[in-house]
Structures are given as structure tokens and as C-alpha cells.
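Engineer: My questions will all concern the structure given below.
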Amino acid sequence: MNKILSLFDFQKQFPDEETCFEYLVKAKWPEGFICPKCGHNLYYKIQRNKLFQCRKCGHQASVTAGTVFHRLRHPLQRLFWAVYLIAVSKKGISALELQRKLGLSSYQTAWLLLHKLRKAMVSSGDFPLTISIEADETYIGGQREGKTGRGAKGKSLVAVAVETDGKNMGRAYLKKIEKASMKELSAFIKERVEKGTNVITDGWPAYKFLFAEYNHEPIKAKEQINRDELLPKVHIVIANLKMWLRGTFNRYPEKHIQKYLDEFAFRFNRRWNLDNIFEKLINRCLLINTITFAELTG
């Protein structure tokens with residue numbers, strides 16, 4: 001599959017609806033059509049409805065069934081543009097901006113489409129952090145005034161971990177947590193960090209669990225003069241996250257914060273591979289079931 005490098009390249013590669021359809025077919029069934037019901041590989045193609053009918057069991061399958069695109073009443077070319085815009089935009093894109101760029105009928109339509117694509121951005125968990133990481137927590141959203149740091153009111157707490165060799169940063173993961181307790185921080189680290197990894201944190205007591213399965217390097221209290229200097233890489237990630245949120249969204253309801261964190265991490269972890277980020281997101285869309293408006297707002 002060709003790599004997407006620019007707007008010109010994208011428009012040239014996907015000039016019409018049929019091209020987008022054939023791309024999805026090859027991405028979903030790279031070895032040829034396989035019936036999702038019986039596993040047979042011979043089929044009739046119903047051109048009018050763009051369906052594939054199994055010759056053995058008669059099951060009719062759509063290339064978008066069981067994917068993020070399922071039952072979306074938009075041309076595939078428009079959906080491809082949405083994937084491209086959200087994938088390659090360094091600072092992300094708001095629902096209002098997506099509505100304007102794609103000429104969508106309503107803000108709600110753009111908002112729903114963005115959340116469907118964000119679901120495809122959730123990490124697979126196949127690539128845990130290794131070597132050495134920095135971990136910390138931060139508060140986002142909520143009230144602007146009041147107490148800062150741990151104990152801040154009206155804000156959401158986010159745990160952050162980033163891989164680093166001391167000079168460069170690798171992958172990063174972020175998770176919304178209710179409080180900086182040993183239980184929640186332990187669940188986050190164990191989910192995202194390979195056992196035996198070197199983990200650098202501040203002196204927060206809840207990180208003591210790390211001594212059991214990790215090489216823990218806590219920063220002693222007397223050394224905590226400037227946390228940004230002592231944990232530089234994780235605070236770069238935190239600063240980039242807050243800058244992105246402020247620059248893209250007017251508000252981000254607490255119930256959807258993890259979705260925004262997943263989007264940020266998806267783009268951050270592919271910052272050096274933007275030439276194939278569109279292809280990666282399209283493939284994710286084909287592997288993930290869709291989410292409905294009722295599920296998002298209920």
C-alpha cells in the first residue's frame with residue numbers, strides 16, 4: 001500500500017468512491033474474501049449494494065460491517081478524508097473544524113465521527129514500555145483557579161509514563177485515574193510497563209509497589225527542587241498534552257477525557273512515522289467495532 005505524505009498525494013491516491021472501496025477490501029481481506037460466517041472463500045459480488053455473498057452459505061457481508069465505519073451514512077471518500085485529517089494533523093482537529101472542512105450537516109455528526117475514530121486510536125497493549133521510563137501524574141481540565149498539584153479540585157487526574165534513554169523519548173501512555181493511590185498507579189504501570197524495567201518517579205509513597213517487580217529509582221524529597229528538571233521527559237509529554245488540549249478544544253467533559261488521552265498517545269507514539277499513520281489508523285478502523293451516539297452520551 002502506498003504511503004500518504006501530503007494532501008496532494010492523498011487526493012491523487014483516493015480520487016473517487018470506487019478507489020476507496022477497493023482499498024478497504026484489500027485492507028480487510030488481504031488474502032481475498034473470507035466469509036465471516038462459515039469461512040468459505042468463494043463469493044458473488046453484488047455490485048449494486050457493494051456486498052459480498054458467500055457461495056456456500058449465502059451470507060452477505062459488507063466491507064464496513066463490524067468496523068468503525070459500520071452504518072455510517074457518508075461516502076467512503078469523505079470518511080477517508082476524516083481519517084486523514086485526524087491522523088496527520090499534528091495538533092489534532094476539533095469537531096467544529098472537521099465539520100467545516102468536510103461540509104458535514106451538523107456539529108453532532110462531526111463530533112460522533114471523531115469519537116468513532118478515537119475508539120480506533122486506543123492502544124492495543126502489544127508494545128509495553130521497556131528499558132527505562134519516567135512516570136508521574138498531572139491534573140487537567142476543571143476549574144482554572146484554586147489549589148494546584150495533588151488535591152486540586154474540579155480537575156481530572158492523569159497518570160503518565162514515557163520511555164526514555166535519558167536523551168530521547170520513545171512511546172508514552174496516559175490514563176485517567178480517580179486518585180494517585182497505590183492500587184490505581186500499580187494497575188497503570190503493570191498494564192503498560194514491562195517487568196524489570198527501570199522506573200523513575202518522584203517520592204510519592206504510592207509508588208513503593210515498584211520495588212517488587214521493577215528497578216525503582218525514586219527521587220528523594222530533599223532532591224525535589226524542580227520536578228520538571230528531575231523528571232524532564234515525562235513533563236515534556238505533560239506540557240505537550242496540555243498545550244494540545246488548550247489549542248484544540250474549548251472544553252473536554254470528564255467522561256470523555258480518556259478518549260482524548262488515547263488520541264494524543266496515538267499521534268505522539270507515531271510522531272516519527274507520519275508517512276504511514278493514515279494506513280495504520282485505517283487498519284485500526286477495520287478491526288474495531290463502532291460506537292453509537294447513545295453509548296457516547298448515555
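The values are calculated or read from the model by the stated rules, or taken from the named source; none is laboratory data. Quick caveat, the model's predicted, so the values are computed rather than measured. Note that each Cβ is placed from the backbone with ideal geometry, even for glycine, and that neighbours are counted across all protein chains shown.
Engineer: Where in the range 166-222 are there strands (runs of 3 or more DSSP E), lying wholly inside it, with at least 1 residues that are out of contact with any helix residue (DSSP H, G or I) (no Cβ under 7 Å at 6 or more places or on another chain) and among the small types (Gly, Ala, Ser)?
Structural biologist: Working: elements: 169-177, 198-201, 215-218.
Fully inside the range 166-222 and qualifying: 169-177.
Engineer: Would you say residue 233 is in the same structural domain as residue 179 (by TED's automatic domain parsing), modelled with pLDDT of 90 or more, of a type in the set (D, E, K, R) and in contact with a Ser or Thr (Cβ under 8 Å, 6 or more places away or on another chain)? Break it down into steps so the answer makes sense when it comes.
Structural biologist: On the way: in the same structural domain as residue 179 (by TED's automatic domain parsing): yes; modelled with pLDDT of 90 or more: yes; of a type in the set (D, E, K, R): yes; in contact with a Ser or Thr (Cβ under 8 Å, 6 or more places away or on another chain): yes.
Yes; evaluated as a whole, the condition is true for this residue.
Engineer: Does residue 151 fit the bill of being at pLDDT 90 or above, at positive phi and not in a strand (DSSP E or B)?
Structural biologist: Values: at pLDDT 90 or above: no; at positive phi: yes; not in a strand (DSSP E or B): yes.
Here the answer is no, as residue 151 does not meet what is asked.
Engineer: Mind checking whether some residue in the range 101-109 is closer than 30 Å to residue 205 by Cβ and of a type outside the set (D, E, K, R)?
Structural biologist: Going through the range 101-109, the residues closer than 30 Å to residue 205 by Cβ turn out to be none.
Checked the range 101-109: no residue is closer than 30 Å to residue 205 by Cβ and of a type outside the set (D, E, K, R).
Engineer: Okay, next question. Given the criterion part of a helix (DSSP H, G or I) and surrounded by fewer than 18 Cβ atoms within 10 Å (Cβ to Cβ), identify the matching residue among 80, 8. Spell out how you get there, then give the answer.
Structural biologist: Details: 80 fails: surrounded by fewer than 18 Cβ atoms within 10 Å (Cβ to Cβ).
After ruling out the rest, the residue left standing is 8.
Engineer: Would you be able to tell me the number of residues in the range 113-129 that are closer than 15 Å to residue 269 by Cβ and crowded, with 20+ Cβ neighbours inside 10 Å? Reasoning before the result, please.
Structural biologist: Taking the range 113-129 as the starting set, the residues that turn out to be closer than 15 Å to residue 269 by Cβ are 118, 120-129.
Add one more test, that the residue is crowded, with 20+ Cβ neighbours inside 10 Å, and what stays is 118, 120-121, 129.
Result for the range 113-129: 4.
Engineer: May I ask you to list pairs of residues, at least six apart or on different chains, whose Cβ atoms are under 9 Å apart, with the first in the range 114-141 being modelled with pLDDT under 90 and the second being part of a strand (DSSP E or B) and surrounded by fewer than 19 Cβ atoms within 10 Å (Cβ to Cβ)?
Structural biologist: 131/170; 131/198
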